[in-house]
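The block underneath contains the structure these notes are about, expressed in structure tokens.
The values are calculated or read from the model by the stated rules, or taken from the named source; none is laboratory data. Since this is a predicted model, take the numbers as computed values, not measurements. When we count neighbours, we look across all protein chains shown, and the Cβ atoms used for this are built from the backbone with ideal geometry, even at glycine. Side chains included, ligands, DNA and RNA excluded: accessible areas come from the protein's heavy atoms. Shrake-Rupley method; radii C 1.70, N 1.55, O 1.52, S 1.80 Å.
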Amino acid sequence: AAASPIPVIFHFMLTEAQLTEIGGTAGIQQRIDSQIAVLNRDFNRLNPDSVLIPSGWKPLYGSSGIHFGLSHTDPWGYGTPGYTLKIIPSIPGGFNGASSNYSSAKHDATGGVDRWDETKYLNIWVTNFADYPGLLGLTTYRSITGAGGFPIDEMGICMNYRAVGKRVSPTDVYMPTGFGSNYYDKGRTLTHEMGHFFEIWHTWGDDGPRCPWQTSGSDDGLADTPPEKDKKYGANAYDVVNGTYRDSCHKDTFGAEVQPYGVASLNFMNYTDDIAMHMFTHDQAAVMAFQVSDSGESFSLTQHPELLLWSSRTVVKEVPASNSLSVFPNPTSGVVYITFDNSADALKEIVILN
């Protein structure tokens, strides 16, 4: 079957102050719109900053063929702008549990938001990591769910709310990288985490400061990402002709050069600043493309183009009585009335979508 764009739903869980910080619901919409655009460019060899890829790396610049779109029909058949929003308490102002992949953020019962059907939607939970505020993102990919450890209904990506989307204004709030004046403001956090979702790993092999041939050394298992000693940060200047720069793993035990064009610091699966990331390799792209093929674990996500369309159902969803919110007449082709029977300061916002 032909693949269609994958329906993505963002679940924002923010305090009132955090929502204001990123520009309210208009800010959310701008960030998720720009984020989807970044994903589609990065995963299909269309990112404009590819002009910064050195000539030695350019032949390895790969395209996965995977496309993404905002969900516009929810699991109940109603329209959605591509995100849900839940206001959470200001203390602790987020969620704890890096070791559990922030399980509590993924369930209504623990203060978070239940996932939408993981066979149809790619769920992304966006919040503040109260116990690890410097964390940008964390992915629960399919091979570590079920028998792999985590419940299947927790599959998806958790993101720091200050790293979603691409900056459009100098005043937009994004997390600083800690290196110079750079910020995580080009949407590359989700590009990186989405790579994990489709089962590709960090280019240095997550083995600490070791070369692959050293004791306990490892690699990412792909031939076109060279051996690398450890993660790379910042946006270091390139000093290899037609390449990047080298680290201490650039020669193997026989003295052969194994980093002819330097390390993969410019790769989306490294830890360099957003401004220094420019590419997936062909082998990385091939692994990801397999995951959405008819034999792959994420194939079902590509088979629901109807979820990308705005629902024809215009009736407003039933509102829980505890909210004391009434909408009438429902349905209507004319005037609609909204009443809220509670204290004047309890209602924060009503958003009406055409």
Residue check, Gly334 modelled with pLDDT of 95 or more and assigned to a loop (DSSP other than H, G, I, E, B): no
Residues of the stretch 255-289 satisfying the condition of being open to solvent by less than 10 Å² (accessible area, probe 1.4 Å) and of a type in the set (D, E, K, R): Asp273, Asp274
Whichever residue in the stretch 137-166 is out of contact with any Phe, Trp or Tyr (no Cβ under 6 Å at 6 or more places or on another chain) and assigned to a loop (DSSP other than H, G, I, E, B) and, among such residues, is modelled with the lowest pLDDT: Gly149
Enumeration of residues in the stretch 139-166 that are open to solvent by 30 Å² or more (accessible area, probe 1.4 Å) and either more than 28 Å from Ser90 (Cβ to Cβ) or not basic (Lys, Arg) (or both): Tyr141, Arg142, Ser143, Ile144, Gly146, Ala147, Gly148, Gly149, Phe150, Pro151, Ile152, Asp153
Among residues of the stretch 238-281, those that are over 17 Å from His192 (Cβ atoms) and under 27 Å from the mean Cα position of the chain (by Cα), counted: 1
One residue from Ala130, Ala105, Ala109, Ala163 being on the phi < 0 side of the Ramachandran plot and out of contact with any strand residue (DSSP E or B) (no Cβ under 8 Å at 6 or more places or on another chain): Ala109
Pairs, first under 15 Å from Lys120 (Cβ atoms) in the stretch 284-303, second open to solvent by 40 Å² or more (accessible area, probe 1.4 Å) and in a helix (DSSP H, G or I), C-beta under 8 Å, six or more apart: Val292/Phe299; Glu297/Arg142; Glu297/Ser143; Ser298/Arg142
Residue among Thr203, Thr171, Thr191 that alone is part of a helix (DSSP H, G or I) and of a type in the set (Val, Ile, Thr): Thr191
Residues satisfying the stated conditions in the stretch 284-302, i.e. outside any helix (DSSP H, G or I) and more than 16 Å from His196 (Cα to Cα): Ser293, Asp294, Ser295
Any hit, the stretch 302-320, residues being among the polar types (S, T, N, Q) and either at pLDDT below 75 or more than 30 Å from the chain's Cα centre (by Cα) (or both): yes
Failed item in (1) at pLDDT below 95; (2) among the polar types (S, T, N, Q); (3) open to solvent by 70 Å² or more (accessible area, probe 1.4 Å), with Asn242 passing the rest: (1)
Pairs with Cβ under 8 Å, 6+ apart, first in the stretch 209-222 and farther than 20 Å from Ala286 by Cβ, second aromatic (Phe, Trp, Tyr) and not in a loop (DSSP other than H, G, I, E, B): none
